[in-house]
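Contents: one structure, followed by commentary.
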Amino acid sequence: MAVIASHCKDIIFNVIDINKKRIKAWNSIDLDNLPIYEPGLKGVIRKTRNINLFFSSDTEKHISESDIVFISVNTPTKTRGLGAGYASDLKWVEESARQVAKFSTGHTIVVEKSTLPVKTAELIKTILEAQSKNNLENKSFSVLSNPEFLSEGNAINDLENPDRVLIGGDDSDAIYELEKIYSKWISAKKILRTNLWSSELSKLSANAFLAQRISSINSIAAICEKTGADIKEVSQAIGLDTRIGNKFLSPGPGFGGSCFKKDILNLVYLCRNFGLDEVADYWEQVVFLNNWQRLRISSLVIKKLFGTVSLKKIAILGFSFKANTNDTREAASNYITKDLIDNGAKLFISDPKVSADQIESSLKIKRTDDINNSEEGCWLYENDLNKLFYQVDAVLILTEWEDYKNIEWEKYSGIMRKPAWVFDTRNILDKKKVISSGINYWGLGDGNK
Ligand code: UGA
């Protein structure tokens, strides 16, 4: 919303959240205290906040004053009840629709922006129409789908220069109103009109295709390790085929983030509901492969360290699900570190943007304050490389942070316990430099032994 507000100075944007603590953080004078870390966000907030962008918890006031309401709430995968493990929990969407139905005045355009299962607009419409039918105050609504395609860490650029903007709906006046907003900085060629369901399905499909590429390249990386091929060469060779393209071909410890897994599981649930079991099985395999990849990494570390990591010290570089974000939701690091801890390892975890508290709540394992005397698997937060690498048997790189690319391994080799290993799951290191400093090297998809 901040980026949209920066392009539409003539429109007032009110961001509403019932979580008062979050709103307080969004209003914080110190821009380092914003609730999320995103490169470039501070600058956009500085330009817009309290000018035409406001943060508030007053739902009634702002809904009643709005011509357009964007619903951008959480839709986590259900953990219990019907569809548990697959379907999205739509309780916040439903609650938001009820609030709009209750507090809106006149005609309101309701835009679904959260990633939602196909046909959610129907749920929103039903709630709003029930209100319109009973209403004595002449309320009316139009529902549009306008999914977000921004990627964390690059969100500002994705919003400034999107590949496309999708607006799904059947009310051409409402679509025109939303188009007017985007056309302030995006060319008409990039604004695509579709029906509601195509728009919802396009969002799920785009994420499913992207995730599928990562599982595909991770599967090929495993074959490289067995055959002597090198995934960097294979990626380059296939990426030069313009029909395939070179993006999203970097192997890694498994995709994370709040969207890929959730969206694929939604797609799987949808397919099963429509009796398309073969299609459901096809997409579910993308998630299975990703789960396998994460455990493959932890098992491999254990095997290289003579089959046991019990009471061995291992340094973990990076906890966020990718570089340039402090988001740890569904990050491969959660699964890999938990598996190592379960196997008895003592981990020193480091990340330039993720705090110890956040790791604790993400990992759901308390950090220890006495790692040396612990008799079981445990972890400690440490960002000082001299302490991080002291007497470790291995260093495991899980996030491709810029800071890690230029570590001077020869400087730290002496303080590691030998034989020491570096496991590079992001292929960001110079293999020769690591080996010449006296450390064993393992790179993902590197079959050149
Ligand atoms: C993803 C999509 O890229 C966005 O287009 C979409 O709008 C967003 O989800 C969403 O639905 O909200 P995001 O989750 O922020 O964006 O992150 P990505 O850059 O897509 O990365 C996802 C995961 O895949 C990360 O763990 C990343 O490390 C991994 N990845 C990505 C690879 O392992 N290899 C690659 O080549 C690319």
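At-a-glance table
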quantity	calculated
For the stretch 29-125, alpha-carbon Rg over 2.2 N^0.38 Å	1.29
Aspartates and glutamates whose Cα lies under 19 Å from that of Lys184, excluding same-chain neighbours fewer than 8 positions away	Asp10, Asp67, Glu148, Asp158, Glu160, Asp163, Asp173
Bridge type composition, the chain - antiparallel percent by DSSP, nearest 5	5 percent
Of Lys366/Lys387; Lys119/Lys338; Lys190/Lys322; Lys20/Lys353, those spanning more than 31 Å from alpha-carbon to alpha-carbon	Lys119/Lys338
Pairwise label distance in nanometres, Lys411 with Ala188, each label 7 Å out on the Cα-Cβ vector	5.7 nm
Whole-Hz couplings from phi, Karplus 6.51/-1.76/1.60, listed for the stretch 269-283; x for Gly and Pro	4, 4, 4, 5, 4, 8, x, 9, 5, 5, 5, 4, 4, 4, 6
Mean Cβ neighbour count within 10 Å, used as a protection proxy, ranking 342-351, 188-197 highest first	342-351, 188-197
Amide H within-cut-off set for Ile349, under 5 Å, with H built and near neighbours excluded	Ile316, Leu380, Tyr381, Glu382
Over the chain: Kirkwood hydrodynamic radius from C-alpha pairwise inverse distances, Å	24.1 Å
Cα-Cα separations in the stretch 180-227 greater than 17 Å, expressed as whole percent	60 percent
Pairs beyond 27 Å (Cα-Cα), from Lys61/Lys189; Lys189/Lys232; Lys247/Lys312; Lys21/Lys247; Lys42/Lys113	Lys61/Lys189; Lys189/Lys232; Lys247/Lys312; Lys21/Lys247
Calculated on alpha-carbon atoms, Rg and Dmax of the stretch 292-449 in Å	14.2, 40
³J(HN,Hα), Karplus 6.51/-1.76/1.60, whole Hz, each residue of the stretch 340-355, x for Gly, Pro	5, 5, 4, 8, x, 6, 9, 9, 10, 9, 9, 7, x, 10, 9, 7
5 Å binning of all Cα-Cα separations within the stretch 21-82, expressed as whole percents from 0 upward	3, 13, 20, 20, 18, 13, 7, 4, 2
Selected from Lys203, Lys432, Lys405 as most flexible by GNM, with the chain as the system and alpha-carbon contacts under 10 Å	Lys432
Length released on extending from Asn19 to Glu94, taking residue separation times 0.36 nm less the Cα-Cα span	25.3 nm
Listed peptides 434-447, 360-373 by packing density, highest first (mean Cβ within 10 Å)	434-447, 360-373
Angstrom value of the Kirkwood radius, inverse mean 1/r, which spans all Cα pairs in the stretch 366-449	13.8 Å
Relative frequency of Cα-Cα separations exceeding 16 Å in the stretch 199-294, percent	58 percent
Top positive-direction residue, dipole computed over the chain with Cβ charges, set Ala87, Leu380, Val422	Val422
Residue-averaged 222 nm ellipticity for the chain, from DSSP H runs of 4+ at -39500 (n - 2.57), nearest 500	-13000 deg cm²/dmol
Computed over the stretch 264-381, the ratio Rg/Rh where both radii use C-alpha atoms and Rh is Kirkwood	1.08
Centroid-to-centroid separation of the stretch 153-229 and the stretch 313-346 [C-alpha atoms, Å]	28 Å
Shape parameters for the stretch 104-181, alpha-carbon atoms, Rg then Dmax in Å	14.6, 47
Local net charge near Trp26, Cβ-Cβ under 11 Å (Lys/Arg +1, Asp/Glu -1)	+4
Burial order of peptide ranges 16-24, 164-172 (average beta-carbon count within 10 Å, highest first)	164-172, 16-24
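Only the coordinates and a few stated rules stand behind these numbers; no lab work does. Remember, it's a predicted structure, so these values are computed and weren't measured experimentally. Note that we place each Cβ from the backbone using ideal geometry, even for glycine, and neighbour counts take in every protein chain shown.
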